[in-house]
Amino acid sequence: MCQTGCTDQQTKQRTRAWEFFYFIYCIGLHDNHFWPLSLVILYMTRFNVPHDDSFKCKETGIKHQYHVMAPTLNYHTSPWTWSKCSQKYITEFLDTGHGECLLDKPNGRIYDLSSQLPGSVYDVNKQCELMFGPGSQVCPYLKQCRRLWCTSAEGVHKGCRTQHMPLADGTNCGPGMHCHHGLCVNKEMDTRPVDGDWGPWGPYSSCSRTCGGGIKRSTRLCNRPEPRNGGKYCVGRRMKFRSCNTDSCPKGKQDFREKQCSDFDGKHFNIHGLSPNVRWLPKYSGIAMKDRCKLYCRVAGTTNFYQLKDRVADGTPCGTETNDICVQGLCRQAGCDHVLNSKARRDRCGVCGGDNSSCRTMAGAFNSAHYGYNVVVKIPPGATNIDILQHSYSGKPEDDNYLALSDTQGNFLLNGNFVVSMSKKEINVQGAIFEYSGSNNSIERINSTDRLEEELLLQVLCVGNLYNPDVRYSFNIPMEEKSDLFTWDPYGPWQDCTKMCQGLHRRKIICVRKSDHMVVSDQRCDHLPLPLLVTERCNTDCELRWHIIGKSECSSLCGQGYKSLDIHCMKYSIHKGHTVPVDDHYCGDQLKPPTREPCHGDCVLTRWHYSEWSQCSRSCGGGERSRESYCINNFGHRLADRECQELPRVTTENCNEFSCPSWATSEWSECLVTCGKGTRQRQVWCQLNEDHLSDGFCDPSTKPESLRPCELHACASWQVGPWSSCTATCGQGYQMRAVKCVNELLSAVLDDRVCHGASRPSDRQDCIVTPCPIIPKIGATSLPALPMGKIAQWRYGSWTPCSVSCGRGNQARYVSCRDAHDGIADESYCAHLPRPAEIAVCFSPCGEWQTGNWSPCSASCGHGKTTRQVLCISYHQPINENYCDPEVRPVIEQECNLAACPPTYSHFPSSSEQPSHLPGRNFPLTHKPEDNQNQGVHPSIRGNQWRTGPWGSCSSSCAGGIQRRAVVCQDENGQSASYCNAASKPPESKHCDSGPCPRWSYGSWGECTQTCGGGIKSRFVICLFPNGQMSREQNCEILNKPPSVVQCHVHACPDDVSWHRGPWKSCSAPCGKGLKYREVICVDQFHGKLEEKYCSHLQKPRTHKACRSVRCPSWKAKKWNECSVTCGSGVQQRDVYCRLRGVGRVAEEKCDQSTRPYFQRQCWHQDCIQYHWVAGEWLDCSTSCKKRETHRQVKCVGAQNTQVNESFCDPSTRPLAVRKCRNPTCKYIVVTGDSSQCAGNCGFSYRQRISYCIGIRSTEKYKLHELWPIDYQECPVLPSPQVYKCNFRTCLHMATWKVGKWSKCSVTCGVGIMERRVECIADNGWSSDLCLKSLKPDAQKKCYVHDCKTFTSCKEIQVKNNITKDGDYYLNIKGRIIKIYCAGMHLQNPKEYISLVKGEEDNFSEVYGFRLQNPYECPFNGSRRQDCECKNDYLAAGHTVFSKIRIDLNSMQIKTTDLLFAQTVFGNAVPFATAGDCYSAARCPQGQFSINLAGTGMKISSTAKWLAQGTYASVIIHRSQDGTKVYGRCGGFCGKCIPHMTTGLPIQVI
């Protein structure tokens, strides 16, 4: 049983432990074996496990006495379970180290336990023989699984007998049935082994000591699930410990081990020779190392000692020479700071964790002798590491010189009165232990490492021959320090509460340095008196009570008996009214009620038997199901129902109480175009709680819309100028006009490529004025002059954009009749020509046609019809058919031909005779009559001339192509001619550019419709031009279209899994509203813990819920006092204090300082002397015609018009000092000059062409030389192709850029910014705008200081740089240097905050206070109006602004509830990123929050989600593209939104 090298004692111990462990394994885990109960009891008594009725088990509480260790065997013994008492002793046996030797397996044979049940190996008769000997058989009329009744060997006539043991598991008891734990059950019953798993850690117990280093313990049970059917027990720690109350005990307090011994004073335990008044003292020396944590106590006045307890209380020191402490009967490492597992040790100065710098060493020698006692040295208090040696002169023990110790009063502690101790001994001097070697040594020694608390006198006793002694001594004494440098601070950290409920806790008294309040060793303040303890009641919101959890059945089924009461200690919440179980030792100071009560068995064994439950009446939303009941006896015989009428009967119950599926929607997408009209889309799905279901589960009539029109700013479009005059004064010519791509929103001219090239209006057209006079040739007749009506013709502009972005709409254009001089003529002059249409129908499909499968043919033979479904689909959702192009709508019906029917013959047209329409086919466009109005006429010789037709469409719809037209030669009569001048032939083709081609654009994937078992996810895929305009899908390459739907989560859903809910934890807030948390884990059917992904298809129960503790104190502000002055500006004050309702005024520390109302404000009274405002004249507006400001002087004057401070005048009547200039509309000219003429005046030293855009005011009022230049890009006038020389005076006013000095670098280390002032100054010294921006010097530049020492937290800065000042510091967060505000740097754990650069205007949270009187409407299209029919009475309303927000650098989350740097403008404080209202139930949210992290280096993570809470709650979230800004609108009736609890509010480094 033991490995090589074991002692006999180890061998015995291991043998006994293995024997014990193997036995427990067989009984506890493999309880399906046939073990006689008498054998069990025999084994367990060998291991000191008491019987269940032993006095040792009384403190454990017995729920039922009939367990494995029952005192007697009877009918009610249950041999499969251990009592709590047995569990306790077995667990302690293993916990106290007796199981350690089981960790190395023996080398002997390992026996595998059979998987067969013993009853299947040994039939019932064999079991009788094993129990009562050969020949014994089962009793024929007492066949039951509960007890094995057997006959004697002589036969049944001698009667039956039993040993109260059940039949072995696996014994047949009927068809398909066998015995299991004394019951006859179906063989198919699940007996698979279930491995155990740990449950949650319980709460920590109260501290075992009030000072000097106690222990708290927390336990967990192997019950999630419990091991069953031979499954494995949990592996790992069952208990964990932590230190508490670690401050040293006051001087003079009784030693902790001494206290435990003194608790037995007066108890003699019937030991012979001990008096009734016996006193017990701790026994330290002479105890084996392994027994140091047992309580050995000595009888006072004797050397007799006894073991009074198996183990000392947790936290008791293992001995006087060590810092280690006892925990659960084992000695564990601890430091001098009384902390478990600490490695802190005292330095040579006696300072715990010190660095040997607080003391100095005193050493010396003494070697002169006089008879008697000679004083060697005084050892002062505070001395440590005392070492005294006296060397014998002869090297032998007998040298007539002996060391002695005494106090300053002459009382000897060692070797006094000429009596010398020969043997080794220990001396205790006020807790300091001195070890004396005894005088019978050649080197006599006294030494101690402890701190001396009183002054001692070292002496040497010289007798006999008076040989000179050789005494050498050394000790450390503390450095001399000024007594006023340190002081006791009674306001140290709060210690743990003494009780779970209704206890006390106190602040730790700490020694601090006065200069900086830094905590130092307590020894620095030892000379000072201790201040009074600061205590406070704690855990007052609960009480501890004994509570009856349950009762057992009566012990007697017939006659007098008793019931066992299951009594547990319960924690009762005073305010919430609910109870939770806690460990029983918490109620140890209360008298526990009796655990038994009398009862009387009714001797009737009847019960109700039930059929299976019926189907539930409703599939969701709460239904009912029923079952039939029968009264039967314990033999299974049916009785009349009246025999069971007094028993409870349950025949109906509620079922399917979960909510029914409902429609859910995602947020609306952004508008699918970047300009103009478009659509928004959202996903609509059917869900139950948070699980997605098929749409068939929800009511289709209530399905919300998935598409909604939207409109953004107008797209960039073509705009045209007026036609120029015809280039010819007679005959054929052409006209030009400006065509520009203009953004109407910005009124800016853009590059032509931004607008759609295919719709670009023509910038040139042919024109005909009066025909040129034709000199008639000889023999030719002159043509008559054309009348006016033949020359006038229709002119029309470009078509406007379609009135709708998709679907059928209208477009318009301008049509007018023009004469030969391009002037507007009466329309009657154009009546001979058809009038072009002014309005035309336009159509752009919103969706596309999708077809289903053809149905089976309507006929079984011959000719029939087949149909299919045709839907108009947009973004995977069906929409109205009017949004799809009707011209390409697929057919929904067609003929089908099958085999001819035998009796009849019919003729049907073939498929080739039927009209066919292919979806998606593009038909060529035909020219309308008005398209031919601009046919050109080009004159040529002999009256013949070239005539041109209209330009055809571009050969390519995008990216460049060719346009063609017909060019023919005709004579004057319009007949075809054979000859025209080839040199003047107009071109028949030209290049055309319809702008860039559209491309496919797609959005992000949506959420998967299923979490397992195969779902789909979709995204938007649309055809877009580069400028953001949406195009028809046919215009993009269909083969390259990205997929819009893919499969996701194709893995199979797991079977037989569920969510397991743990108990609710205590409320997070000590007062007011808080949150409760519980653990929710995914488990299998055997309660084994799984990863959460296996339950993702099930709705996860909530892990948090709101809770309310005691009422929080709040600020109370009284009325404002009178103003401090009777005139002018003064101050008003008021009393602001912290109040707890029902108590009154309390300490201000209990209220939130960030919400403290103002106690002081400014006030104003009428002037004592009349003061008034005086305003000067307005300065002239700038010569610029742009809108600018003008100023005037405004001052406050007294009676003699003497200027005084502005505070004397009423600020509400102050005149304006700044106003806008009302300048006329700007006029512009473009002047282009040659730099050779302007070089001397304009500052150019090289040749270049300079173009100035000059603004002109009014030529009547201003002179030409006062013209002012503007940026060339802003000039709305195009430069003339002709060039004029710059030749007027100078080139406007001379102006140059002036620069200031560079500022200091913006950072003290790393890369920063330097800035300087840059301004344009004219030659007259005034500020000017004449300088060229292209020549402007830089106003900023980068600068670099030495490398920064990077830190990752405020705590690191505090510790490494010894900084205690709050402020901005630079931290390395995820590889980037970010400026962080560190708060609480003087505390143990400083916190990190982000300073919000954009300030409080862009960072706020609001709960809107108005409520509609009719909450089922949304007036004013959802906008907020003060004149609404509503009340301002929502109690939860509030508005909070934030200047800094706290971040957790470990989780990278914003702590939204930290309001240290927040200000509540009115109402209640609202956490960050939270909004709500009680305004409307019609999806009309008014509550707002805003987040703007721009300039901080951080952004809100894309994984951040907001959770809607309340009734009719709705959430609208808008995020900026870079993630730095988030704006939300939330509300309901009543409702709000908060960051999702599972994700929090995560942030990322940009």
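Can you find even one residue in segment 282-298 that is farther than 30 Å from G335 by Cα, over 59 Å from the mean Cα position of the chain (by Cα) and open to solvent by less than 80 Å² (accessible area, probe 1.4 Å)? No, that holds for no residue. For segment 198-210, the criterion of being touching a residue at least 24 places away in the same chain (Cβ under 8 Å) and not in a loop (DSSP other than H, G, I, E, B) is satisfied by no residue at all. Inside segment 705-747, residues that are of a type in the set (G, A, S) and open to solvent by 30 Å² or more (accessible area, probe 1.4 Å) make up a count of 5. Restricting S1480, S1451 to residues that are surrounded by fewer than 17 Cβ atoms within 10 Å (Cβ to Cβ), in a loop (DSSP other than H, G, I, E, B), touching a residue at least 24 places away in the same chain (Cβ under 8 Å) and on the phi < 0 side of the Ramachandran plot narrows the list to S1451. Every test in (1) open to solvent by 50 Å² or more (accessible area, probe 1.4 Å); (2) assigned to a loop (DSSP other than H, G, I, E, B) is passed by A369 save one, and that test is (1). On the stretch given as segment 1118-1153, residues that are among the polar types (S, T, N, Q), part of a loop (DSSP other than H, G, I, E, B) and at pLDDT 85 or above total 1. Residue count for segment 1314-1344 satisfying the condition of being open to solvent by 40 Å² or more (accessible area, probe 1.4 Å), at pLDDT below 85, touching a strand residue (DSSP E or B) at 6+ places or on another chain (Cβ under 7 Å) and not in a loop (DSSP other than H, G, I, E, B): 4.
For first residues located in segment 1199-1220 and under 16 Å from G1176 (Cα atoms) and at pLDDT 75 or above, partners that are assigned to a helix (DSSP H, G or I) and not hydroxyl-bearing (S, T, Y) and lie 6+ apart or on another chain with Cβ distances below 9 Å form the pairs R1214/E1206.
Residues that are open to solvent by 50 Å² or more (accessible area, probe 1.4 Å), in contact (Cβ under 8 Å) with a residue 40 or more places away in the chain and over 21 Å from E226 (Cα atoms) within segment 161-183 comprise Q163, H164, N172, listed in sequence order. Among residues of segment 1302-1330 that are polar (S, T, N, Q), those with a beta-carbon under 8 Å from a residue that is not in a strand (DSSP E or B) at least six positions away or on a different chain give the pairs S1303/R1316; N1324/H1293; S1328/H1293.
Suppose we filter E188, E154, E129, E100 for residues that are over 53 Å from the mean Cα position of the chain (by Cα), modelled with pLDDT under 85 and open to solvent by 60 Å² or more (accessible area, probe 1.4 Å); which single one remains?
Criteria check complete, one pass: E154.
Here is the figure for segment 999-1028: residues that are polar (S, T, N, Q), outside any strand (DSSP E or B) and in contact with a strand residue (DSSP E or B) (Cβ under 8 Å, 6 or more places away or on another chain) total 3. Among residues of segment 627-648 that are free of Cβ contacts under 8 Å to residues at least 24 places away in the same chain, those with a beta-carbon under 6 Å from a residue that is open to solvent by 70 Å² or more (accessible area, probe 1.4 Å) at least six positions away or on a different chain give the pairs S629/R649; Y630/H609; Y630/R638.
One residue is enough: does segment 1492-1499 have a residue meeting the conditions open to solvent by less than 40 Å² (accessible area, probe 1.4 Å), under 30 Å from C1430 (Cβ atoms) and modelled with pLDDT of 90 or more? Before you say what the answer is, go through the steps one by one.
Residues of segment 1492-1499 that are open to solvent by less than 40 Å² (accessible area, probe 1.4 Å), as a first pass: 1492-1494, 1496-1498.
Remaining after also requiring under 30 Å from C1430 (Cβ atoms): 1492.
Now narrow it down to the ones that are modelled with pLDDT of 90 or more: 1492.
Taking every residue of segment 1492-1499 in turn, at least one turns out to be open to solvent by less than 40 Å² (accessible area, probe 1.4 Å), under 30 Å from C1430 (Cβ atoms) and modelled with pLDDT of 90 or more.
D1368 fulfils the conditions (1) open to solvent by less than 60 Å² (accessible area, probe 1.4 Å); (2) outside any loop (DSSP other than H, G, I, E, B); (3) under 30 Å from W1302 (Cβ atoms) except for a single criterion, (1). Candidates P581, P598: the one that is open to solvent by 80 Å² or more (accessible area, probe 1.4 Å), closer than 30 Å to M239 by Cα and modelled with pLDDT of 85 or more is P581. The residue that is surrounded by the fewest Cβ atoms within 10 Å (Cβ to Cβ), among those in segment 1182-1194 that are in contact with a Cys (Cβ under 9 Å, 6 or more places away or on another chain) and modelled with pLDDT of 75 or more, is E1189. With respect to (1) open to solvent by 50 Å² or more (accessible area, probe 1.4 Å); (2) touching a strand residue (DSSP E or B) at 6+ places or on another chain (Cβ under 9 Å), the lone exception for E612 is condition (2).
Candidates are the residues of segment 238-255 that are of a type outside the set (S, T, Y), open to solvent by 40 Å² or more (accessible area, probe 1.4 Å) and not in a strand (DSSP E or B); the one that is farthest from E454 (Cα to Cα) is R238.
Kindly indicate whether any position in segment 106-116 is at pLDDT 80 or above, open to solvent by less than 70 Å² (accessible area, probe 1.4 Å), part of a loop (DSSP other than H, G, I, E, B) and within 23 Å of G176 (Cα to Cα). There is no residue in segment 106-116 that is at pLDDT 80 or above, open to solvent by less than 70 Å² (accessible area, probe 1.4 Å), part of a loop (DSSP other than H, G, I, E, B) and within 23 Å of G176 (Cα to Cα).
Of everything listed in (1) in contact with an Asp or Glu (Cβ under 6 Å, 6 or more places away or on another chain); (2) over 27 Å from K88 (Cβ atoms); (3) loosely packed, with under 15 Cβ neighbours inside 10 Å; (4) β-branched (V, I, T), the single unmet condition for V512 is (3). Filtered by the rule that a residue be open to solvent by 60 Å² or more (accessible area, probe 1.4 Å), in a loop (DSSP other than H, G, I, E, B) and out of contact with any Pro (no Cβ under 6 Å at 6 or more places or on another chain), segment 211-237 gives L221, N223, E226, K232, V235, R237. Among the residues of segment 1519-1547 satisfying the criterion of being under 19 Å from the mean Cα position of the chain (by Cα) and open to solvent by 70 Å² or more (accessible area, probe 1.4 Å), which is farthest from A1473 (Cα to Cα)? It comes out as T1542. Which ones in segment 815-832 are part of a loop (DSSP other than H, G, I, E, B), within 18 Å of Q765 (Cα to Cα) and modelled with pLDDT of 75 or more? Passing the criteria: D819, G823. Among the numbered criteria (1) closer than 30 Å to P998 by Cα; (2) modelled with pLDDT under 80, which single criterion is violated by C730? Among (1) closer than 30 Å to P998 by Cα; (2) modelled with pLDDT under 80, C730 violates only (1). Inside segment 1034-1048, can you point out the residues that are modelled with pLDDT of 80 or more and not aliphatic (A, V, I, L, M)? C1036, E1037, N1040, K1041, P1042, P1043, S1044, Q1047, C1048 - these are the residues of segment 1034-1048 that are modelled with pLDDT of 80 or more and not aliphatic (A, V, I, L, M).
Residue check: G410 meets all listed conditions (1) open to solvent by less than 40 Å² (accessible area, probe 1.4 Å); (2) part of a loop (DSSP other than H, G, I, E, B) but one, namely (1). For segment 1502-1518, taking the residues that are among the aliphatic types (A, V, I, L, M) and farther than 22 Å from S1451 by Cβ, the one that is farthest from the chain's Cα centre (by Cα) is identified as A1513.
The values are calculated or read from the model by the stated rules, or taken from the named source; none is laboratory data. Bear in mind the structure is a predicted one, so any value in this text is a computation, not a measurement. A quick note on method: Cβ atoms are made from the backbone with ideal geometry, for glycine too, and the neighbour counts reach across all protein chains shown. Heavy atoms of the whole protein, side chains included, go into the accessibility calculation; ligands, DNA and RNA do not. Shrake-Rupley method; radii C 1.70, N 1.55, O 1.52, S 1.80 Å.
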